[in-house]
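Visitor: Below are the structure tokens for one structure; questions will follow.
The values are calculated or read from the model by the stated rules, or taken from the named source; none is laboratory data. Model, not experiment: these values are computed from the prediction. Positions of Cβ are generated from backbone atoms using ideal geometry, with glycine treated the same way; all protein chains shown enter the neighbour counts. Only protein heavy atoms, including side chains, enter the accessible area calculation; ligands, DNA and RNA are left aside. Shrake-Rupley method; radii C 1.70, N 1.55, O 1.52, S 1.80 Å.
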Amino acid sequence: MPASVDNASRNPARFVDQRPNGPGVSKIDPSDPAAPMYRLLAKMRSPVTLRDLMIHPVRTGYIGQEQPIAATELPKSAAELYPDIGVREVAVPSPAGRIRCQVFSPPASSAGGGPRPMMLYLHGGGFTVGQSEDTAYITSRIAAENTMVVVSANYRLAPEWPFPACLDDCLAVLQWMRKNGATLGGDGTRIAVGGDSADGNLAAALVIKARDEGVSPPQATVLLAPITDFFFEQHESFERLAPLGIVYDTAFIGFIRGAYLVHGENWAHPHASPARADLRNYPPTFIATGTADPLVDDNRAFAQKLRAAGGEKVEHFVREGMPHGFYFFPGMFEQGDEAFAAVARFLKQAGAA
């Protein structure tokens, strides 16, 4: 598949994450015998379906979109912190359409002119919100500190596009990177995968999906507070911390489980809950979590399962009292800086950087 480098925005075709009318969109069929009731409900509340009603405030209020934030109240931008990191867009072709990806590249001279290792990064947002721009600090820092080409993918979101649509998009980008990494100055044979929060789940599950579909999996995984098992309630930390959570809580994580997986039978699917997969020959894995994160026990259990399956390079980086996403904003916590330093050491030891 040919690359569309630096020309992603000039093609009029929609990107996959902008496609409307996915299989998760509710529709009122005029021939439905219950249609009169649905039309009345549409006059009484908007949007008519409760699922759409719940996702609307999440999307409009996400990352300061509901009201402007004064620049003085915000940390420095990725562009200010990492001015030497080049950022461009590529449009990756896939069976579902064009996938918009941002590419974060360190200066060529810093790698001696040779091809650089790569990372496919998947932004967080509970499978339902977010875009690559939201995690530009993370991807820029990883690119700068590890001399890596980081490709950050904008995949289809739930509930409009439920499981496994976003994972299919991620696999398409991984395959494209394998074949076309050289066009970005990268080495298609050395690709790690990373992600935060829900998209740590996608990063972890992508290894399993690639293996199951005969695609060469990533060489290493960097998982920042991932969901690895959709049976959240089995873990003490979730039951104790999630009910009154601030970054996220029981209500939201239950909602995203329904929005993304739709059917209960999907909860245990190994491409949804990688902790329930066959983890033999899983690549070297780094996991970062704070003890104030409801997912800390989930992450501990996943690390233990990887080790039990024979994983020799499994690091669970834990910081006391840190919440979900403590590495997200620059200059806020020294523990966040420690996490990125630990990522760099891990990638080097795993031969992925």
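Visitor: Can you send over the solvent-accessible area of MET37, 1.4 Å probe, protein chains only, in Å² to the nearest 10?
Guide: 120 Å²
Visitor: Pick the calculated volume of the Cα convex hull per residue in Å³ for this structure from (i) 120; (ii) 321; (iii) 155?
Guide: (iii)
Visitor: Per residue, how large is the accessible surface of the chain? Use a 1.4 angstrom probe and give square angstrom. Provide the component values of the computation, followed by the final result.
Guide: Values: 15660 Å² over 353 residues.
I get 44 Å² per residue for the chain.
Visitor: Further question: Could you look at the stretch 156-225 and say what percent of its accessible area is carbon and sulfur, using a 1.4 Å probe and all protein chains? Walk me through the numbers before you get to the answer.
Guide: Working: 850 of 1650 Å².
Reported share for carbon and sulfur atoms: 51 percent.
Visitor: Separate question: Which of the lysines could a cross-linker span from LYS43 if the Cα-Cα distance has to be under 20 Å and same-chain partners fewer than 8 positions apart are dropped?
Guide: LYS27
Visitor: Something else about it: Against the empirical 2.2 N^0.38 Å scaling, what ratio does the C-alpha Rg of the stretch 220-264 come to?
Guide: On the way: Rg = 11.4 Å, N = 45, 2.2 N^0.38 = 9.3 Å.
Against the empirical 2.2 N^0.38 Å value, I get 1.22 for the stretch 220-264.
Visitor: If you fit an axis through the alpha-carbon atoms of helix 296-308 and take the longest principal axis of the Cα set of the chain, what angle between them do you get, 0 to 90°, nearest 10?
Guide: 50 degrees
Visitor: Report the relative contact order of the chain, percent, no decimals, based on alpha-carbon pairs under 8 angstrom and at least 6 residues apart.
Guide: Working: 664 pairs, mean separation 54.6, N = 353.
Relative contact order for the chain comes out at 15 percent.
Visitor: Let me ask something additional. Report the local net charge at ALA96: Lys and Arg +1, Asp and Glu -1, summed over other residues whose C-beta lies under 11 Å from its C-beta. Intermediate values should be presented prior to the final figure.
Guide: Details: positive: ARG14, ARG19, ARG98, ARG156; negative: ASP17, ASP168, ASP169.
So the surrounding residues net to +1.
Visitor: Right, next: Roughly what angle does helix 136-146 make with the longest principal axis of the chain, taking Cα atoms, 0 to 90 degrees, to the nearest 10?
Guide: 20 degrees
Visitor: Provide the gained length on full extension for the span MET44 to GLU236, in nm with one decimal, where the gain is 0.36 nm per separating residue minus the Cα-Cα distance.
Guide: Working: separation 192, 0.36 × 192 = 69.12 nm, distance 4.08 nm.
This chain segment gains 65.0 nm when fully extended.
Visitor: Okay, moving on. Kirkwood Rh over alpha-carbon pairs of the stretch 198-353, then Stokes-Einstein at 4 °C and 1.567 mPa s: what D in µm² s⁻¹, rounded to an integer? Write down the numbers at each step before the final one.
Guide: Values: Rh = 15.9 Å.
Answer, rounded: 82 µm²/s.
Visitor: Compute the semi-axes of the equivalent ellipsoid of the stretch 52-210, taking the square root of 5 times each eigenvalue of the Cα gyration tensor, and list them largest first in whole Å.
Guide: Working: eigenvalues 133, 95, 26 Å².
Gyration-tensor ellipsoid for the stretch 52-210: 26, 22, 11 Å.
Visitor: If we count every other residue with Cβ under 15 angstrom of ALA42's Cβ, Lys/Arg +1 and Asp/Glu -1, where does the sum land? Write down the numbers at each step before the final one.
Guide: Values: positive: LYS27, ARG39, LYS43, ARG45, ARG51; negative: ASP29, ASP32, ASP52.
For residues surrounding ALA42, the net value is +2.
Visitor: Rounded, prolate or oblate for the stretch 237-292? Axes are the square roots of the Cα gyration tensor eigenvalues, ordered a ≥ b ≥ c, and the cut-off for rounded is a/c under 1.5. Mind dumping the intermediate values first?
Guide: Details: a/c = 2.79, a/b = 1.25, b/c = 2.22.
Cα axes put the stretch 237-292 in the oblate bin.
Visitor: How would ILE63, ILE55 line up by accessible area, probe 1.4 Å, largest first?
Guide: Working: ILE63 90, ILE55 10 Å².
Descending accessible area places them as ILE63, ILE55.
Visitor: Still on this structure, please answer the following. When the chain is fully extended, how far beyond the present Cα-Cα distance does TYR62 get from ASP212, taking 0.36 nm per residue of separation? Can you show the working numbers first?
Guide: On the way: separation 150, 0.36 × 150 = 54.00 nm, distance 3.44 nm.
Gain on stretching TYR62 to ASP212: 50.6 nm.
Visitor: Which of MET54, MET118, MET177 moves the most in a Gaussian network model of the chain with Cα springs under 10 Å?
Guide: So, out of MET54, MET118, MET177, the one fluctuating most is MET54.
Visitor: Okay, next question. For LYS209, which lysines qualify as cross-link partners when the Cα separation must be under 28 Å and same-chain residues fewer than eight apart are set aside?
Guide: LYS209 reaches LYS179, LYS305, LYS313, LYS348.
Visitor: Then there's this: Roughly how many percent of the accessible protein surface of the stretch 37-145 is carbon and sulfur, given a 1.4 Å probe and a whole-percent answer? Please list the in-between numbers first.
Guide: Details: 3250 of 5590 Å².
Carbon-and-sulfur percentage of accessible area, whole number: 58.
Visitor: Here is a further query. Can you bin the stretch 268-353 into rounded, prolate or oblate? Criterion: square roots of the alpha carbon gyration tensor eigenvalues sorted a ≥ b ≥ c, rounded for a/c under 1.5, prolate for a/b above b/c, oblate for the rest.
Guide: Numbers: a/c = 2.36, a/b = 1.38, b/c = 1.71.
In terms of gyration-tensor shape, oblate.
Visitor: Near the amide H of TYR121, under 5 Å away, which other amide H atoms are found, from residues 5 or more places off or on another chain, if H is placed in the peptide plane?
Guide: Answer set, sorted by chain and number: VAL151, SER152, ALA153, GLY194.
Visitor: Using the Cα gyration tensor of the stretch 125-197, with a ≥ b ≥ c the square roots of its eigenvalues, what is the shape: rounded (a/c below 1.5), prolate (a/b larger than b/c) or oblate (neither)?
Guide: Working: a/c = 2.73, a/b = 1.40, b/c = 1.95.
Note, shape of the stretch 125-197 comes out oblate.
Visitor: Using protein chains only and a probe of 1.4 angstrom, how many square angstrom of ARG276 are accessible, to the nearest 10?
Guide: 110 Å²
Visitor: Using θ = phi - 60° and the Karplus form 6.51 cos²θ - 1.76 cosθ + 1.60, what ³J(HN,Hα) does each residue of the stretch 251-263 get, whole Hz, x for Gly and Pro?
Guide: Whole-Hz 3J(HN,Hα) from phi for the stretch 251-263: 4, 6, 5, x, 5, 5, 4, x, 5, 7, 8, 6, 9.
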